[in-house]
Number of protein chains: 2
Amino acid sequence: MKKSHLFTPGPTPIPPDALLAMAQPIDYHRSEDAVALIKDVLEKLKHVFQTENDVIFLTSSGTGAMEGAVANLLCQGDKVLVIRSGKFGERWAEICKAYGVEVIPIDVTWGDSIAPEIVEKHLTLNPDVQAIFATLCETSTGALHDIEALARLTQSTPTLLVVDAVSALGADDLQMDNWGVDVVVSCSQKGLMTPPGLAFAALNQRAWEAVDRSDLPKYYFDFRKAHQRGLEGSVPYTPALTLLTGLQCSLNLICKEEIHNTIARHNHMAIATRTAVKAIGFPLFATSPANTLTSIRLPEEIDGKAFIKMMREKQGITYAGGQGDLSGKIIRIAHLGWMNEYDVIVAISAFERGLAEIGYDIPLGAGVAAVQEVFTKFAN
Amino acid sequence: MKKSHLFTPGPTPIPPDALLAMAQPIDYHRSEDAVALIKDVLEKLKHVFQTENDVIFLTSSGTGAMEGAVANLLCQGDKVLVIRSGKFGERWAEICKAYGVEVIPIDVTWGDSIAPEIVEKHLTLNPDVQAIFATLCETSTGALHDIEALARLTQSTPTLLVVDAVSALGADDLQMDNWGVDVVVSCSQKGLMTPPGLAFAALNQRAWEAVDRSDLPKYYFDFRKAHQRGLEGSVPYTPALTLLTGLQCSLNLICKEEIHNTIARHNHMAIATRTAVKAIGFPLFATSPANTLTSIRLPEEIDGKAFIKMMREKQGITYAGGQGDLSGKIIRIAHLGWMNEYDVIVAISAFERGLAEIGYDIPLGAGVAAVQEVFTKFAN
């Protein structure tokens, strides 16, 4: 009778309509019905990306779209700036290095967000960098980065701003067109409430011009091919068709809610979670936390790995732990996608219960009361 | 009330158990349950690949595993032989060229299969080729290639034999270990009866040694990372977890049937289909047809594209048409995956009905009678 609750920053819970749509018999990806499905999904993704640019999709995890961005935008010998404030910023640098691109890293303490002035300084010192690779929400730490400020820096230069919005799309605001972001990549299993297996990229005009110049090797992740075929409702290679079917259901929910309301809902859930964590008496790990997830720094006497294991086994509650050096030291609670107030209540009440279970002395109910107060305030 | 029947060579119908398993709430891909799932799937794939080598998986279409094979096995400046007997042989060459690998093409008329002597001649002339890229079943034509004979040629040389078994795995025999095939790639949406989105590769010892030497750029398709993590029941990047859940159900079916019986079932369906097509009076397109699908050459007076469109719209029957120059000229009927005798009966009876519908004069029932006779013979 164990009921499960998933609070990981991807995969996130799938709406029942999407689950049932994906359980239907599969169809042929070259049928007229599939063409209509692909066109509809690509059109609705524009709303979520807050762009008039075409969105392309790939059958891969979000990392595939990240690699695609590198392989499609850059040339041999190119130099780039990479903001590394966690595991996913590091991934940008690893991919660039795999392709022989020269990386100038801008390292930020994990948990912190980049100060735009530092990027400005690097950009002044290196005006010839082809691109800056940044992260909207660094999922490994829960830190939000000020992409709007970074776009103000790059817009007037030839340098492209490429943003990993893998976990944060649909949760933290990212106004691609209004802010002037050149490239945004994301994936299906976070704010888009679909199982993992689809990745997305949106490119503006000058990014597509860079694609035309690029000479790095690519085949499966060739953005031009995906773009041309996508406009026809088609694909170069067999797509994850069932996932597209589920995605259509989830996109319908977001389009109905409207993206600014979706982001506001996530903002409310994030504020409630942060307030509750503070009321319980634990510090937040990120200095500028995202709407996507909340990272909690654990007291040294709590073994985060054991706590997470116990919560899953005894309570049916799945939180995410820390990655790399943060393993065992933080807990990450996502409030992302198919979630509302009551999911936050569950996440926080379970956290309180779990702490009580391991004998850690906290004021039971303080976190839940904080959530109630925050949501009541937002409702009025 | 239209009931649909899918006879395309991928995607293929999904068993109901797999569909329902995939409709369950999603889980975290780093959980212990996911570790057990991944380990179980990778172990059962060995049975289907007929190998003791480890199998790796990627979240991508089959083309991702093809690109991975090129990027992981080869070095800059390498020379390879590519057998091109259709669209998918051409794809091997395109991928190699995208990575700057020198391709010596061995072109075969579409519909024909390669004569091993020709490969032997090329191999003698070019003993320094790093690999031969071949196709088990060329899905665009339905032709089966004699991989066993090719492996006899390469086994005693340093040249690797890399086989695209994307459509044919589990339908046409491919004894990786017994025959001495170095690398086999495949995907989820054909004989493995799972939605598209997963790709697989199996490499033997000397192929892994080539991977260690390879200097081509790769990140997402890095076989070593997928291999190391796979052994731990893990993944470098978020996998298409729901598809793995479905795959487990489908693999259970194959393991229970046992792969040699699975291949025999496909062989019987293929023989029945071919016999029926001949009884209807149409020629087969492939000179050595595969168990995977049957390609039928249409008389000139039949517009294949219109016929396929009509069959889907009026009868709920989806066949595949020809690709490239064969568009409109052939019809491809898959007997692949979650299918048995009665699916062949449906495919053939529908074909007869469709021909009658467009006023093409054929002996109604002749094809179905042929199917009945073949299956009755095999049953006795």
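Sticking with the crude label model, points 7 Å out along Cα→Cβ, report the distance from B:E43 to A:K97 in nm, one decimal please. So the label points at B:E43 and A:K97 sit 3.6 nm apart. For A:I14, B:I263, the sequence from fewest to most other C-beta atoms within 10 Å is B:I263, A:I14.
Can you tally the net charge around A:K329? Count Lys and Arg as +1, Asp and Glu as -1, for every other residue whose Cβ sits under 13 Å from the Cβ of A:K329. Spell out each step's value before the answer.
Values: positive: A:R297, A:K305, A:R332; negative: A:E300, A:E301, A:D303, A:D325.
Computed value for this residue: -1.
Other residues with beta-carbon under 11 Å from the beta-carbon of A:D27 carry, at +1 per Lys or Arg and -1 per Asp or Glu, a net charge of 0. Once backbone amide H atoms are built at 1.01 Å from N, B:D107 has B:R84 as its partners under 5 Å, excluding neighbours fewer than 5 places away on the same chain. Taken along the Cα-to-beta-carbon direction at a fixed 7 Å, the label points for B:D112 and B:D146 span 1.4 nm. If contacts are Cα pairs under 8 angstrom and at least 6 residues apart, what is the relative contact order of chain B in percent? After rounding, I find 23 percent.
In chain A, excluding the sites themselves, the longest stretch lacking any of the trypsin sites (Lys or Arg not before Pro) that are in a DSSP loop with at most 11 other Cβ atoms within 10 Å is A:4-380.
Copy-to-copy label distances for A:K97, where each label lies 7 Å from Cα along Cα-to-Cβ, are 3.4 nm in order of increasing length. Taken along its principal axes, the alpha carbon cloud of segment A:1-123 reaches lengths of 53, 43, 27 Å, longest axis first. Rounded to the nearest whole angstrom, the semi-axes of the ellipsoid equivalent to segment A:224-339, taken from the Cα gyration tensor as √(5λ), stand at 35, 19, 14, largest first. The long axis of helix A:62-73 is offset from the longest Cα principal axis of chain A by roughly 30 degrees.
Counting from the shortest, the label point at A:K305, 7 Å from Cα toward Cβ, is 5.9 nm from the same position in each remaining copy.
Excluding A:S156 itself, what net charge comes from residues whose Cβ is under 13 Å from its Cβ, given Lys and Arg +1 and Asp and Glu -1? Can you show the working numbers first?
Working: positive: A:R152, A:R206; negative: A:E120, A:D182.
Local net charge: 0.
Lys-Lys pairs in segment B:303-379 that are eight or more residues apart or on separate chains and whose Cα atoms lie under 23 Å of each other come to 4.
When both segment B:245-292 and segment A:272-291 are represented by their alpha-carbon centers, they are found 58 Å apart. For segment A:16-257, the equivalent ellipsoid derived from the alpha-carbon gyration tensor has semi-axes of 30, 19, 15 Å in decreasing order. Dipole orientation for segment A:16-257: of the candidates A:L42, A:P127, A:I83, A:L42 has the Cα lying most toward the positive pole (charges on Cβ; Lys, Arg +1; Asp, Glu -1).
Angle of helix B:341-357 to the longest C-alpha principal axis of chain B, folded into 0 to 90 degrees and rounded to 10: 50°. Exposure here means at most 10 other Cβ atoms within 10 Å; with GluC sites (Glu not before Pro) in a DSSP loop as sites, the longest stretch of chain B lacking them is B:53-231.
Rounded to the nearest 20, the size of the Cβ-charge dipole of the protein assembly as shown about its Cα centre is 920 debye, with Lys and Arg at +1 and Asp and Glu at -1. What separates the A:G316 label point from its copies, with the point 7 Å along Cα to Cβ, is 3.7 nm, written shortest first.
Taking the number of Cβ atoms within 10 Å of each Cβ as an exposure proxy, the fewest-first ranking of A:F351, A:F282 is A:F282, A:F351. Shielding of peptide B:193-206 by partners, expressed as the average count of other chain Cβ atoms within 10 Å per residue Cβ, is 3. Think of it as helices only: each DSSP H run of n ≥ 4 in chain A is worth -39500 (n - 2.57), and spread over all residues that comes to -13500 deg cm²/dmol at 222 nm. About its Cα centre, segment B:70-218 has a charge dipole of approximately 320 debye under the convention of +1 per Lys or Arg Cβ and -1 per Asp or Glu Cβ, with nothing else charged. Report the far tail of the P(r) of segment A:332-380, meaning the percent of Cα-Cα pairs longer than 12 Å. Summing the P(r) of segment A:332-380 above 12 Å gives 65 percent of all pairs.
Listing B:H268, B:H260 from the residue with the fewest other Cβ atoms within 10 Å to the one with the most, what is the order?
The most exposed by this proxy come first: B:H260, B:H268.
Close amide H pairs (under 5 Å, H built 1.01 Å from N) link A:L169 with A:G191, residues at least 5 positions away or on another chain. Taking the longest Cα principal axis of chain B as reference, the axis of helix B:32-49 is set at about 70 degrees.
Each Lys and Arg contributes +1 and each Asp and Glu -1, all at the Cβ; summed about the Cα centre of segment A:253-380, the dipole is approximately 180 debye.
Modelled this way, with points 7 Å down the Cα-to-C-beta line, the labels at A:E257 and A:N126 are 3.8 nm from one another. Looking at the calculated P(r) for segment B:287-380, what percent of the C-alpha pair distances fall above 18 Å? Percent of Cα pairs beyond 18 Å in segment B:287-380: 48. Averaging Cα coordinates gives a centre for segment A:321-380 and one for segment B:123-142; these two points are 57 Å apart.
Across q = 0.06, 0.10 Å⁻¹, the protein assembly as shown modelled as identical point scatterers on its alpha-carbon atoms has Debye log10 I(q)/I(0) values of -0.37, -1.00, in the order of the q list.
A short reminder: the numbers here are calculations on the coordinates, not readings from a lab. Predicted, not measured: the structure shown is a model, and the values here were computed from it. Quick reminder, even Gly has a Cβ in these numbers, built from the backbone with ideal geometry, and neighbours come from all protein chains shown.
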